[in-house]
1. With the requirement that a residue be more than 10 Å from every other protein chain (Cβ to nearest Cβ) and part of a strand (DSSP E or B), what does the stretch B:122-139 give you?
2. Would you confirm, using the coordinates I've provided, whether residue B:175 is at pLDDT 95 or above and outside any strand (DSSP E or B)?
3. Out of A:251, A:272, A:228, report the one residue that is in a helix (DSSP H, G or I), within 14 Å of another protein chain (Cβ to nearest Cβ) and either touching a helix residue (DSSP H, G or I) at 6+ places or on another chain (Cβ under 7 Å) or modelled with pLDDT of 90 or more (or both).
4. Which of the residues spanning the stretch A:93-105 are at the interface with another protein chain (Cβ under 10 Å from one of its Cβ atoms), crowded, with 20+ Cβ neighbours inside 10 Å and either free of Cβ contacts under 8 Å to residues at least 24 places away in the same chain or within 28 Å of residue A:152 (Cα to Cα) (or both)?
5. Taking the condition at pLDDT 95 or above, within 21 Å of residue B:32 (Cβ to Cβ) and within 14 Å of chain A (Cβ to nearest Cβ), does residue B:207 pass?
6. Against the definition (more than 20 Å from residue A:10 (Cα to Cα) and within 11 Å of another protein chain (Cβ to nearest Cβ)), how does residue A:90 come out, yes or no?
7. Test of understanding: among B:33, B:48, B:56, which residue is outside any helix (DSSP H, G or I) and farther than 22 Å from residue B:186 by Cβ?
8. What number goes with the only condition from (1) within 14 Å of chain A (Cβ to nearest Cβ); (2) at pLDDT below 95 that residue B:195 does not pass?
């Protein structure tokens, strides 16, 4: 038997946890360390931090978040967003990340993947693919949160990454991301069938019922979740106060909540076990 | 009582994330430093051999840093050694990775790669997952695993597994997609795990604590 991992995904902008829709329109949800600690205590299998703005001058706050988290959270931490060189990778690993997640740099400079897997070990190098379905049905890989077109076919790219022996691949359906409509099963199952390394599915989970489907039909080895868990956190911690920048009104209005049926990690894992899917409880 | 705490050296041979190992040591109160210095390693009271990555590159780095003999001597002199992941594999005789590489040869056995297909099913390699550990013939009672229950989940990241010749050193077993393999060993002053206790939540940290207690390092 194989156990699947449930991975809270924390999108970071400066000092804040943010969430968008289709990776855009970012709204501030709160302090990343509060969410991270909550998920750790609830039995998260891993945490994934993505710096979604990744501007150089804000890099220090990402490092601070990682080192603060790594001091008291003893599960694997993957960090991505804006990593462009071996020295960028070294820095986040030194801050306490266990794995790094590359996207833009991997596409622009595949040699970086080869150098990084050799230096840090394959399993340390995760590559993210942001997929958008074109009108003709083809899936193309994008960079920069689904903004930059690369012309790369997602399936060919996934196979090339597999050949380069990256540790694992995270596939994000940009079309589904933040919508709560469910995963893109066509995309995910096809990528999973083409690769021999583990696949993390991301983008679209709106209720717990979506998750066994992406594991059984999508053949995902792990699932990364954002909104579904974050909205539950906010529901359970409504009194929390923190310094926030940007759109805090959104939080008070809970505008997006009706699309989602937020649930906790415990709810999800019990539901998986009920569906005969093994996971760590 | 004025006594200095015993010194633990986390061996740095330029592979893997040592930060989390150090963090785990600090959390349980060990006096641990990260070092690749031969002298520090010779003077250490106990050693931790961590590591993620490639066996051959690891052995090459250890040789270039002239650390092979100091590690073997320390073990020979009865100092406690805790191997983690690649650090477990390095203790063995040889690896089948990229041909055949020689290891530290402290324990008889071979390192094998997970097959891409097992029982006619495709399996994902590396195994990156929480997996259960269960006991072999050895009991866990007085070991660093004393707080760990049978079938506890631990975090694994690896493409290779150890196949020890001496069955008596096998402490825990795990099963990945039907393939049963050795996930933890214990032999005299050597204790080593294929999983990452420092990434296996509070239960994993208890393994550090109990290793330190058993070896009187706190």
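1. Correct list: B:133, B:134, B:135.
2. Here the answer is no, as residue B:175 does not meet what is asked.
3. A:272
4. Residue satisfying the conditions is A:99 alone.
5. Values: at pLDDT 95 or above: yes; within 21 Å of residue B:32 (Cβ to Cβ): yes; within 14 Å of chain A (Cβ to nearest Cβ): yes.
Answer is yes for this residue.
6. So residue A:90 fits the description; yes.
7. B:33
8. Result: residue B:195 fails condition (2) only.
The values are calculated or read from the model by the stated rules, or taken from the named source; none is laboratory data. All figures in this text were calculated on a predicted structure; none of them were measured in a lab. Every residue, glycine among them, receives a Cβ derived from its backbone with ideal geometry; neighbour counts consider all protein chains shown.
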